[in-house]
Amino acid sequence: MADNRLLDRVVHGLIYVGLCGCALFVRLLPLPPMLPNLPAPEIMLCLTLAWMLRRPDYLPAWLITVMFLLSDFFLYRPPGLNALIVTAICTLLRSRNPAPRPVPFTVEIALITGLVLSVVTANWLAQALLFIQHPSYWRTIAVVPVTVLAYPFTLALSHYVIGIRRLKPRYGRIRGLRA
């Protein structure tokens, strides 16, 4: 039984790496934007938050850190800044929510909006304090509504295609998590 859980976590970790790699690859393609005035949504952040709200045992902190550090390098962001912020948010989310419970979708969207807003604001504030050249706050914050609108699609992909569902109480304890 323990081997099945370990295999399940490894397989889902590889799926997460593959999806993040695809999202990063599409982001790096030199395609013109569909809407020139809107920024691209942070699909990796949506995917990470969706999985953290449903099955935090599938995403260890080191995996989140590695994937966002790679995205920092490939997208020419300050190395490690976004990775640190997202890992801290996910660790806080994991510690405050040891047993994922179903919440209404509107509450989940409000939570995701607050989390995306905090990630974008913390990133912008850190760049401002470190005197790193960055766009204005209002231009930076434009990614929040686009990312929140992309969240239901990544959630549907995670739920219906990959099968990421909340833990049922019958599964008991999985690596320190109470169901």
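Some notes on this structure:
- The set of residues in the stretch 121-139 being farther than 12 Å from ASN82 by Cβ and not in a loop (DSSP other than H, G, I, E, B) consists of THR121, LEU125, ALA128, LEU129, TYR137, TRP138, ARG139.
- Residue identified as β-branched (Val, Ile, Thr), out of contact with any Ser or Thr (no Cβ under 7 Å at 6 or more places or on another chain) and more than 17 Å from LEU117 (Cα to Cα) among ILE64, ILE85, ILE15: ILE15
- THR87 fulfils the conditions (1) under 24 Å from LEU14 (Cα atoms); (2) of a type in the set (Ser, Thr, Tyr); (3) not in a helix (DSSP H, G or I) except for a single criterion, (3).
- Sole residue being surrounded by fewer than 21 Cβ atoms within 10 Å (Cβ to Cβ), of a type in the set (A, V, I, L, M, F, W, C) and either assigned to a helix (DSSP H, G or I) or out of contact with any Cys (no Cβ under 9 Å at 6 or more places or on another chain) (or both), chosen from LEU69, LEU47: LEU69
- Some residue of the stretch 28-39 being surrounded by 15 or more Cβ atoms within 10 Å (Cβ to Cβ), part of a helix (DSSP H, G or I) and out of contact with any strand residue (DSSP E or B) (no Cβ under 6 Å at 6 or more places or on another chain): no
Every number in this text was worked out from the coordinates using simple rules, so none of it is lab data. All figures in this text were calculated on a predicted structure; none of them were measured in a lab. Quick reminder, even Gly has a Cβ in these numbers, built from the backbone with ideal geometry, and neighbours come from all protein chains shown.
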